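The values are calculated or read from the model by the stated rules, or taken from the named source; none is laboratory data. Not measured: the values here are computed from a predicted model. Counting neighbours? That spans all protein chains shown, and the Cβs are built from the backbone with ideal geometry, glycine included.
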Amino acid sequence: MEEGGYIKPDRDDPGTGEATALPGPVLSRAEPRGLAAFFRRRSPVDVLFATLTGAAGVFIIVIVLGILGVLLSESVLSIEKFGPIGFIFSTEWNPVEELFGAATGLFGTAVTTVLALVFAIPVALGIAIFLSEVSPNFLKGPIGVAIELLAAIPSIVFGMWGLFTLAPIMADHVEPALQSVFGDIPVIGQLFAGTPMGIDLFTASVILSIMIVPFAASISRDAFNLTPALVKESAYGLGATKWEVIRDVILPHARLGVFGGIVLSLGRALGETMAVAFVLGNNHQITSSLFDGAASITVTLANEFTEADSDTYLSALFHLALILFVFSLVVLALAKYILLRAQRKERA
Amino acid sequence: MTGQQWRKLRGYGGLSLSTLAAALGLFWLFFILSDVVIHGIGALTPELFMKDPAPPGVAGGGMRNAFVGQLLITFFATLFGVPLGILGGTFLAEYARGKGFARFISILADIMVSVPSIVIGTFVYAVLVRPLGHFSGWAGAAALALIMIPVVVRTTEDMLTLVPWSQREAAFALGAPYYKVIIQVVYRGAATGILTGVLLSVARVSGETAPLLFTSFNNAYYSADMGQPIASLTATIFQYAMGPFEEWHTQAWAASLVITLFILILTVAGRAIIRWRYSHR
């Protein structure tokens, strides 16, 4: 019943209960199939209700295709002017001369997302391990709920907190400390160059990582919990320590589910807007230092959409939205595919 | 050190690290929540709910316009989104159950749940705002409804699937047509679950800001006209927090506190209902 829980109907087994649900009224089994037969067989009200629900179901497809179509047609101007490929690689973002490119936005989105995942994955795995193996039973519920509440906090609150509370802490303590440790190392030092202001890629990534930890953690926990007790007990029986069971039995067993959860979190992080809008600076540049401001696709849209004063400007913003939409669809579909495969493997 | 001691030591290390990770998660939750409470509680006065904003920089005033706007937008989003979502979920779990087509829509809805909400905002802008020439509360409600629908579709589908097939068969045996079986038997059996789904989807959209920025926009004055730009709590928080005035910041914190509490209460209530319903059978 969880995520995409789907029950394969089995026509030969007229059993009861959830596990072997039949695909339609049993009475109709011997009757002719097909759409025409469907309409002849049912009462008019039933046909009406079926059509109504069908229309609502198909509406989901209409929404997705509608968004794709509308964004595409709104982007035409920008696609013609800057080219579908040229737009992606152009670092230009100049509303005055009406020259636009997605490279700076993609850079901001990519850096914050990747960095957020790097911060979030170890914490999420730790939480999942704690919740499934380490925690005493009476703590599992409350701590699990608390972690999921973290996911329920609206992103604008994360953003405000980031701007007024986290950014000053970053600027005064965390970033200078990082600078003094890594600043003198060649190459790596570049990442921590500049004056720490707190309004930068680094702070945005930290906030983003806090936001995605709950997703990754809860999916990983569910994956861990699917490890059969028998397999774990066999490992314990051979004298393995708890940590060895986790590392060598549970983690390999759950790796597909964990990976799916990570890809899903990646999809979430790509589209997060308000939490980063406050602390990223909306500065269209590609920079080598994490302590510089930048612009992500979402932040650009949030800040500039209502200010776009020319058709080209607006079209370029729609073009950004289109790229973001297609990209998230691909990433989320991939996550879904991995999770479904993990589920199927579990059932087999 | 013997091999065994080393293995034990490494085990303790690993387990401590995972405990530390859980502590870190809790730390962030309490840090953020307490920070919102500390900054917001002072401005949480009756005036915040009863008065309209004072001119920028002037002390006093409230956010009545934003509260009213937020309620209107969320109400109409729910009004459109929930019935459509429930019907769609019914199609997937009943009429199209087991069909590849239903499975495709279900997966698509799952994907839509996580699609960036700001993209929905740009879509509604192109469809409902620009053709009409102005921002409107309706556009905001439409954007939130579009975000709600996939959530409600998926929970409805899951909850209907949980109703045992034998209950439907019993109703079929009495000669009831499928629509009557669905409405009188299946919906009744799944009512609590669907209600929870609705609660959680309302919680989900109440905190949305990005899709409102260019649909319902904002309004510094009181307005209950859904055909015009209308204030919302979240868009006002964004404007106030980015603004230069100390009073604005304080009020933004207070509004954040209200909206966070609202969402957390809905979320906890939804979970509690589900647990109560599906453990005492």
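Just to be sure, is A:Gly267 under 30 Å from A:Asn225 (Cβ atoms) and assigned by TED's automatic domain parsing to the domain that holds A:Trp161?
In short, yes.
For the list (1) surrounded by fewer than 19 Cβ atoms within 10 Å (Cβ to Cβ); (2) among the charged types (D, E, K, R); (3) touching a Leu at 6+ places or on another chain (Cβ under 7 Å), I need the number of the one condition that A:Asp292 fails.
The failed condition is (1).
In the set A:Phe49, A:Phe38, A:Phe59, which member is within 30 Å of B:Pro83 (Cβ to Cβ), assigned to a helix (DSSP H, G or I) and modelled with pLDDT of 95 or more?
Residue meeting the stated conditions: A:Phe59.
Can you run down the residue pairs with Cβ atoms below 8 Å, 6 or more apart or on separate chains, where the first is in the range B:5-18 and exposed (fewer than 12 other Cβ atoms within 10 Å of the Cβ) and the partner is part of a helix (DSSP H, G or I)?
Hits for this filter: B:Gly13/A:Trp243.
Could you list, in sequence order, the residues of the range B:156-201 that are at the interface with another protein chain (Cβ under 9 Å from one of its Cβ atoms) and hydroxyl-bearing (Ser, Thr, Tyr)?
B:Thr161, B:Ser166, B:Tyr178, B:Tyr179
Restricting attention to the range B:27-75, which residues are out of contact with any Leu (no Cβ under 7 Å at 6 or more places or on another chain) and in a loop (DSSP other than H, G, I, E, B)?
B:Thr45, B:Lys51, B:Asp52, B:Ala54, B:Pro55, B:Pro56, B:Gly57, B:Val58, B:Ala59, B:Gly60, listed by residue number.
From the residues in the range B:107-116 that are part of a helix (DSSP H, G or I) and facing chain A (nearest Cβ under 7 Å), which one is surrounded by the most Cβ atoms within 10 Å (Cβ to Cβ)?
My answer is B:Ala109.
Yes or no, residue by residue, for (1) over 25 Å from A:Phe215 (Cβ atoms); (2) touching a residue at least 60 places away in the same chain (Cβ under 8 Å); (3) facing chain A (nearest Cβ under 8 Å):
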position: B:Leu71; (1), (2), (3): yes, no, no
position: B:Leu84; (1), (2), (3): yes, yes, yes
position: B:Lys99; (1), (2), (3): yes, no, yes
position: B:Arg103; (1), (2), (3): no, no, yes
position: B:Ile118; (1), (2), (3): no, yes, yes
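Checking the conditions here, which among A:Ile250, A:Ile210, A:Ile246 is under 30 Å from B:Glu208 (Cβ atoms), surrounded by 16 or more Cβ atoms within 10 Å (Cβ to Cβ), touching a residue at least 40 places away in the same chain (Cβ under 8 Å) and hydrophobic (A, V, I, L, M, F, W, C)?
Criteria check complete, one pass: A:Ile210.
So how many residues does the range A:95-118 have that are outside any helix (DSSP H, G or I) and within 15 Å of A:His319 (Cβ to Cβ)?
Final tally of qualifying residues: 6.
Tell me whether the range A:119-129 contains one or more residues that are modelled with pLDDT of 95 or more and closer than 19 Å to A:Met274 by Cα.
yes
With the requirement that a residue be of a type outside the set (A, V, I, L, M, F, W, C) and either more than 20 Å from B:Ile147 (Cα to Cα) or in contact with a Ser or Thr (Cβ under 6 Å, 6 or more places away or on another chain) (or both), what does the range B:217-228 give you?
B:Asn219, B:Tyr221, B:Tyr222, B:Ser223, B:Asp225, B:Gly227, B:Gln228
If a residue must be among the charged types (D, E, K, R) and in contact (Cβ under 8 Å) with a residue 24 or more places away in the chain, how many such residues does the range A:71-89 contain?
2
Pull up the range A:90-110, narrow it to residues that are in contact (Cβ under 8 Å) with a residue 60 or more places away in the chain and aliphatic (A, V, I, L, M), then point me to the one that is surrounded by the most Cβ atoms within 10 Å (Cβ to Cβ).
Across the range A:90-110, the extreme among qualifying residues is A:Ala102.
State which residue is nearest to the other protein chains (Cβ to nearest Cβ) when the search covers only the range A:221-246 and only residues that are closer than 15 Å to A:Ala124 by Cα and among the charged types (D, E, K, R).
Residue satisfying both the conditions and the ranking: A:Arg221.
For the range A:253-276, check the following and say yes or no: at least one residue is in contact with a Gly (Cβ under 7 Å, 6 or more places away or on another chain) and surrounded by fewer than 21 Cβ atoms within 10 Å (Cβ to Cβ).
No, because not a single residue in the range A:253-276 is in contact with a Gly (Cβ under 7 Å, 6 or more places away or on another chain) and surrounded by fewer than 21 Cβ atoms within 10 Å (Cβ to Cβ).
Looking only at the range B:19-57, which residues are in contact with a Ser or Thr (Cβ under 6 Å, 6 or more places away or on another chain), at the interface with another protein chain (Cβ under 8 Å from one of its Cβ atoms) and touching a residue at least 40 places away in the same chain (Cβ under 8 Å)?
B:Val36
Filter the range B:222-281 down to the residues that are surrounded by fewer than 20 Cβ atoms within 10 Å (Cβ to Cβ) and of a type in the set (S, T, N, Q), then identify the one that is farthest from A:Ala146 (Cα to Cα).
Out of the qualifying residues, it is B:Gln228.
I need a count of the residues in the range B:127-155 that are surrounded by 21 or more Cβ atoms within 10 Å (Cβ to Cβ) and at the interface with chain A (Cβ under 9 Å from one of its Cβ atoms).
6
Every residue in the range A:187-207 that is assigned to a helix (DSSP H, G or I) and touching a residue at least 12 places away in the same chain (Cβ under 8 Å), please.
A:Gln190, A:Leu191, A:Leu201, A:Phe202, A:Thr203, A:Ala204, A:Ser205, A:Val206, A:Ile207 - these are the residues of the range A:187-207 that are assigned to a helix (DSSP H, G or I) and touching a residue at least 12 places away in the same chain (Cβ under 8 Å).
Which of the helices (runs of 4 or more DSSP H) found entirely inside the range A:261-348 contain at least 3 residues meeting this: more than 9 Å from chain B (Cβ to nearest Cβ)?
A:297-304, A:311-347
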